[in-house]
Amino acid sequence: MPQKSSRARGAATQGPDGPTAAPRPPVKAAPPNPGPAAELPQAAPAAAQALERLHLDPAPDGDPPPPPPPPVTEPEAPAPSQPPLVEASSSGRSEAGGSLEEEAVRKLHELAEAGGEEVALTEEEVRANDQRQEDELCALEAIFGDAVVILDRKGGQRCFQVHVHIEIPDAIDVSTRLNYGDGKLKYGATSDADADDLDYKFRVEHLPPILLTVLLPASYPSHHAPFFTISTYWLDKGMISSLCRMLDMLWEEQQGMEITYQWVQWLQSSSLSHLGFGNEIILGKNDVTCNADKRACLDNASPDVIIPRMMRYNDNKHHEAFLHAIHDCMICFSECPGVDFIKLPCHHFFCWKCMQTYCKMNVKEGNVVKLLCPDTKCEVAVPPNILKRLLGEDEFERWEGLLLQRTLDAMSDVVYCPRCQTACLEDVGNEAVCSSCLFSFCTLCRNRRHIGEQCMSPEERLLILEKRQQSGQVQGDQQRILEELRSLKEIMKDAKQCPRCKMAISKTEGCNKMHCENCGEYFCYQCNCAITGYEHFKGSCVLFPQEELDRWEMQMNQRVRRQVVAQAHAEIHALHGQVHPCPTCRQPSPKVGNNNHLFCWACQKHFCALCHKSVPKPAQHYGPKGCKQHTADP
C-alpha cells in the first residue's frame with residue numbers, strides 16, 4: 001500500500017463532490033484563473049519556466065474555467081477496517097477516499113502493470129524525463145490549482161488526478177428517458193418507447209467534473225504516453241471510451257512532448273462537441289460492452305441517484321458563484337458581495353442589514369403573520385431558520401410567542417382562562433377547563449361554570465358592573481373588565497365582529513365583502529355571515545350599499561359633482577330670495593351678479609331671468625330687439 005508522498009505540502013480533506021485541496025504555502029499558490037505564462041505571479045518562477053518549456057500558447061478568449069470550490073474541512077472519520085488505497089499530497093484536494101477515485105487509481109495501476117516492458121533508458125534520458133515530468137506537474141498546479149491532486153508515487157512513478165471542469169458558454173439541457181415499470185427507476189429505451197417511459201429534462205449551467213487519473217512512466221515523455229483513466233458518473237461507458245480514444249489520438253500527434261495539459265484543455269473545451277452534445281446532453285443506460293475501453297471508469301448508479309447529484313452540484317456552484325459576486329440590494333440600492341446577502345426561498349435576496357432591520361421592525365410592531373419577502377409582488381414568508389439568524393435570542397423568542405398567540409387567536413375553539421390566561425379548548429357547550437389551574441369556567445361570561453343557568457349578555461353584565469361602580473363595589477379586575485366592556489360597546493356601534501375570531505372590524509368605504517386581517521376570514525358586512533366568493537350577494541345582501549355608490553359617483557363623475565355644488569349654491573341663495581325658477585323643471589337657480597343668462601343645475605337647460613324663457617342660442621335672444629343680458633335685479 002503506497003504511503004504519503006514526500007512532496008506533501010499540507011494535510012488534505014475529502015470534499016463532497018471530489019477531493020478538496022488543503023492550503024499550500026504562498027510560494028506554490030496558483031492564480032484564481034488559468035492563463036498564459038506571462039500572467040503567473042512572480043512568486044512562482046518555476047511554474048512560469050515550466051510553462052515556457054512546455055510551449056503552451058495563451059488561453060483563448062472567453063470565460064476561464066470556473067474556479068474550484070473553497071476548501072471544506074470535515075471531521076475526521078473513524079479508522080476504516082482497511083487502509084485507503086492512496087492519499088493526496090501537494091496541491092491535492094483530499095485523500096482519495098471516494099469510491100470512484102479509488103477505482104480509477106486501482107485500475108490505473110493494473111493497466112500500468114500490464115503495460116509491457118519498459119524501454120531501456122540511459123541515465124541522462126531518465127534525468128531529463130524526470131525533470132520534464134516535474135516541470136509539467138508544476139505547470140499543471142500553477143494553471144489548475146486545487147483541481148490537481150498529486151498522489152503517492154508507486155515504484156518511483158508519478159501519479160496524479162485532475163478534476164476537469166467542462167466549459168459551458170451559457171447553459172445546457174440534460175434530458176433522459178426513465179422507466180418505472182417494474183417498481184424500480186431505471187433508464188428507458190432510446191427507441192420504441194414503452195407506455196411506462198417518462199421523458200425528463202432539466203437545465204444546468206455547471207456539469208460535474210470529469211476525473212482524469214494519470215500515471216507517468218519513467219519513459220514519458222520521450223518514448224511512451226502516460227497511463228490514464230477517465231471517470232465520471234453522468235456519461236456511459238461508450239462515451240467515456242470515445243474520450244479515451246481521442247486522448248490517444250492527441251498523443252499520436254505530439255509524441256515526445258508533454259501531453260497532459262493538452263488532454264485537460266481538450267476535455268474542458270471540446271469533449272461535449274466530440275460526443276455530439278451541442279445544445280442538449282442525453283443520459284442513457286450503459287449498454288456498451290464490445291467496444292468498451294478498459295480505461296473508462298464509471299459509477300453504475302441508478303438515475304434517481306445521478307440526476308439529483310447533478311442538480312445538487314449545479315445548485316452548489318450557483319451558490320458559490322453568488323457568494324463571490326457583487327449584487328445590488330433592492331432596498332438600500334448598495335453594492336455588496338454575496339456573502340453579505342440573505343437569499344430567501346423565493347430567490348429574492350437583500351443585504352443583511354436591510355433584512356435585519358426589516359425583520360426586527362416587524363417583530364417589534366407585532367406583525368408576525370405578515371412577515372413576508374420585502375418584494376412587493378412576492379408573498380413568500382421568511383422561514384424561521386433565516387429569522388433566527390437575523391434576530392437576537394430575545395427577539396426570536398418574542399416572534400415565536402407572538403406567532404403562537406396569533407395562531408391561537410385565529411382558532412375559534414381556543415379561549416383563555418380568566419385566572420391564569422392559559423389557552424384552553426372550548427367545548428360545544430361554551431365551557432372550558434384550564435389545564436394549568438383546573439378552573440372550569442363559562443367561555444361567554446368567563447365566570448365559574450353554571451350548568452342549567454342562562455348566561456348573561458355583555459349588555460346585562462355592563463349594567464351590573466356600572467351599578468357596582470356607582471356603589472363603590474367594583475375592584476381591580478372588575479374595573480378593567482368594565483372599561484373593556486365600555487370600549488367594546490363604543491366599538492360595536494360602527495363595527496362588526498369577525499364570525500371566526502370575533503375581532504371587531506369597522507368599514508370606512510368599499511363593498512360589503514370584508515376580509516379579517518387577523519384570521520383571514522371573509523364575511524359579509526351587512527349580515528355578518530362567513531362567505532367564500534360573491535355568490536352570497538345574489539340574495540338579499542347587496543355588494544355595494546347605495547351610499548357607497550353615491551359617494552363613488554360623486555368622486556368619479558365630475559358632472560354630478562358640479563350638480564351637487566350648484567344645488568347647494570342655489571339653496572344658499574334661495575334663503576335671500578336671489579333665485580329664479582327654471583321654466584322647464586321649476587327648480588330654483590341663482591343669478592350670479594347682473595348676468596340674466598342662467599343655467600339650471602337640475603335639467604341642464606339655459607333660460608333668461610327676465611322673461612323666464614328657454615334660451616337655446618344666446619346671440620339671438622339677447623340684443624337690441626330682445627332682452628338685455630346684464631341688468632340689476634330690482
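The values are calculated or read from the model by the stated rules, or taken from the named source; none is laboratory data. Just so it is clear, the model here is predicted, and its values are computed rather than measured. Glycine also receives a Cβ, built like all others from the backbone with ideal geometry; neighbour counts cover every protein chain displayed. Accessible surface areas use protein heavy atoms only, side chains included; no ligands, DNA or RNA. Shrake-Rupley method; radii C 1.70, N 1.55, O 1.52, S 1.80 Å.
Quick notes on this one:
- Simple label model, 7 Å out from Cα along Cβ direction - ILE331 to GLU280, nm: 4.3 nm
- The modelled label-to-label distance for the pair THR422/ASP315, using points 7 Å beyond Cα in the direction of Cβ, is 4.3 nm.
- Surface calculation, 1.4 Å probe, protein heavy atoms: ARG312 sits at approximately 130 Å² accessible.
- Packing around the peptides 314-327, 510-523, taken as the average count of other Cβ atoms within 10 Å per residue, puts them in this order, highest first: 510-523, 314-327.
- Area of MET361 that stays accessible when all protein chains are in place (1.4 Å probe, Å², to 10): 90 Å²
- Cα gyration tensor shape for region 325-410, rounded if a/c is under 1.5, else prolate or oblate: prolate
- Surface composition of region 339-448: carbon and sulfur atoms hold 52% of the protein heavy-atom accessible area at a 1.4 Å probe.
- Listed peptides 203-215, 328-340 by packing density, highest first (mean Cβ within 10 Å): 203-215, 328-340
- Spacing of the two label points (7 Å from each Cα toward its C-beta) at LEU372 and SER302, in nm: 4.1 nm
- Global form of region 498-552, assessed from the alpha-carbon gyration tensor, a/c cut-off 1.5: oblate
- Per-peptide average of other Cβ atoms within 10 Å, ordering 383-396, 344-357 highest first: 344-357, 383-396
- Cα-based values for region 258-333, radius of gyration first and Dmax second, are 18.4, 63 Å.
- Proximal charge balance of PHE439 [Cβ under 12 Å; K/R count +1, D/E count -1]: +3
- Of all accessible heavy-atom area on region 198-280, the percent that carbon and sulfur account for (1.4 Å): 49 percent
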